[in-house]
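Following: one structure in structure tokens, then a few remarks.
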Amino acid sequence: MARRKIALIGAGQIGGTLALLAAQKELGDVVLVDIMEGVAKGKALDLQETRGIQSFDVSLTGGGTTDYSVIQGADVCIVTAGVPRKPGMSREDLLKVNLDAITKVAQGIKQYAPSAFVIVITNPLDSMVYAMYKVTGFPKNRVVGMAGVLDSARFQYFVGEAAGVSPQDVTALVMGGHGDDMVPLLRYSSVNGVPLTKLLDKAKLDAIVERTRKGGGDIVALLGTGSAFYAPAASAIAMAESFLRDKKRVLPCSALLEGQYGVKGLFVGVPVVIGAGGVERVLEVDLNDEERAMLAKSVESVKKSVAETKL
Ligand code: A3D
């Protein structure tokens, strides 16, 4: 069987890490694309030069945005093109800059990788994935946003750390939009089936919920420049791998809702099944009144951001 092809559009901090992880897992041949063509080519070459040491048999190449033909026939496109929010930049400013990038990228994908499964990471996430869906015109199962896997992974780590257990054994579910009002669902989280309340008191759990919501901001403050990239890249790779290997993992992702959770026509973080068919199913879990109210608030924020795209 021919090797699969993974196009990484945006070869910055996350793009470079995605390339490394995709190659190490031998998910397929990787092509990096960036407006800074030299960066895409340089990172690809740097990684190629590790092949003798790391023993992976996939190739990595790079290209610029003047010629999207390099992504021809890609099975998966992971999009990080755009800018992270800089100090003093409003969410609206960020939306304008990144909407322009996503629109151009979506046109390139539509032309050269019309059958691809597209994972969007660029912020503001829930409106950028919506824009990707609108501009490509791809079916809803082939466009998805990465956020919930990352938010849940952060929650898993914080619970594991506080309870003195491996984060691997923490099951976590964070739903809603990717913003300060995301919805970590304690009732659907556990340590290998053991309810969190058996291991941690309410004050600790409340603090973990808050820390999860602010997880991205904490890393931005520590780094001083740029935002998190290792965990976001690992999260998107989990989604790409589930698609490429038809693993049918249940992962919280930003997916198009058509009535589920009372939401229509918006991309919102919900648990989905990712397999060879892309987003194969949206899972609906029962929410109590408090959880429903939190989700409704989060959906309102998504709605406002999407309205600004005017798409
Ligand atoms: P960065 O290292 O700046 O990389 C972005 C790359 O995109 C740069 O190399 C740019 O040159 C390139 N680029 C800009 N415009 C275009 C274009 N039109 N076509 C192709 N390439 C372009 O940022 P990063 O990798 O740290 O982050 C990338 C995006 O992910 C940002 O928007 C972040 O806010 C976002 N992000 C999202 C999450 C989520 O959980 C959703 C987490 C972390 C970062």
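Taken over segment 67-93, residues that are open to solvent by 50 Å² or more (accessible area, probe 1.4 Å) and either free of Cβ contacts under 8 Å to residues at least 24 places away in the same chain or in contact with a Leu (Cβ under 7 Å, 6 or more places away or on another chain) (or both) amount to 6.
Residues that are among the aromatic types (Phe, Trp, Tyr) and under 18 Å from the mean Cα position of the chain (by Cα): find the strands (runs of 3 or more DSSP E) completely inside segment 226-311 holding 1 or more of those.
Working: elements: 249-258, 264-275, 278-282.
The qualifying strands (runs of 3 or more DSSP E) are 264-275.
Selection of first residues in segment 249-278 that are more than 19 Å from residue 294 (Cβ to Cβ) and of second residues that are of a type in the set (Val, Ile, Thr) and open to solvent by 30 Å² or more (accessible area, probe 1.4 Å), restricted to Cβ pairs under 7 Å at least 6 apart or on distinct chains, gives the following pairs, ordered by first then second residue: 272/282; 273/250. I'd like to check something: does segment 100-110 contain any residue that is within 14 Å of the ligand (Cβ to nearest atom), open to solvent by 50 Å² or more (accessible area, probe 1.4 Å), at pLDDT below 95 and part of a helix (DSSP H, G or I)? No; the residues of segment 100-110 include none that is within 14 Å of the ligand (Cβ to nearest atom), open to solvent by 50 Å² or more (accessible area, probe 1.4 Å), at pLDDT below 95 and part of a helix (DSSP H, G or I).
Pick out the one residue from 42, 63 that is within 12 Å of the ligand (Cβ to nearest atom), free of Cβ contacts under 8 Å to residues at least 24 places away in the same chain and buried (at least 16 other Cβ atoms within 10 Å of the Cβ).
42
Being touching a helix residue (DSSP H, G or I) at 6+ places or on another chain (Cβ under 9 Å) and either of a type in the set (Ser, Thr, Tyr) or outside any helix (DSSP H, G or I) (or both) is the filter here; which residues of segment 3-26 pass it? Within segment 3-26, 4, 5, 6, 7, 8, 9, 10, 11, 12, 17, 25 meet the criteria. Against the numbered list (1) without any contact (Cβ under 8 Å) to a residue 24 or more places away in the chain; (2) small (Gly, Ala, Ser); (3) under 24 Å from residue 246 (Cβ atoms), residue 22 comes up short only at (1).
Looking at 195, 124, which one is within 13 Å of the ligand (Cβ to nearest atom) and over 26 Å from residue 27 (Cβ atoms)?
From the options 195, 124, the qualifying one is 124.
The values are calculated or read from the model by the stated rules, or taken from the named source; none is laboratory data. All values derive from a computational prediction rather than experimental measurement. Ideal geometry is used to build each Cβ from the backbone, glycine not excepted, and the neighbour counts take in all protein chains shown. For the accessible areas, the whole protein counts, side chains as well, though only heavy atoms, and no ligand, DNA or RNA atoms are used. Shrake-Rupley method; radii C 1.70, N 1.55, O 1.52, S 1.80 Å.
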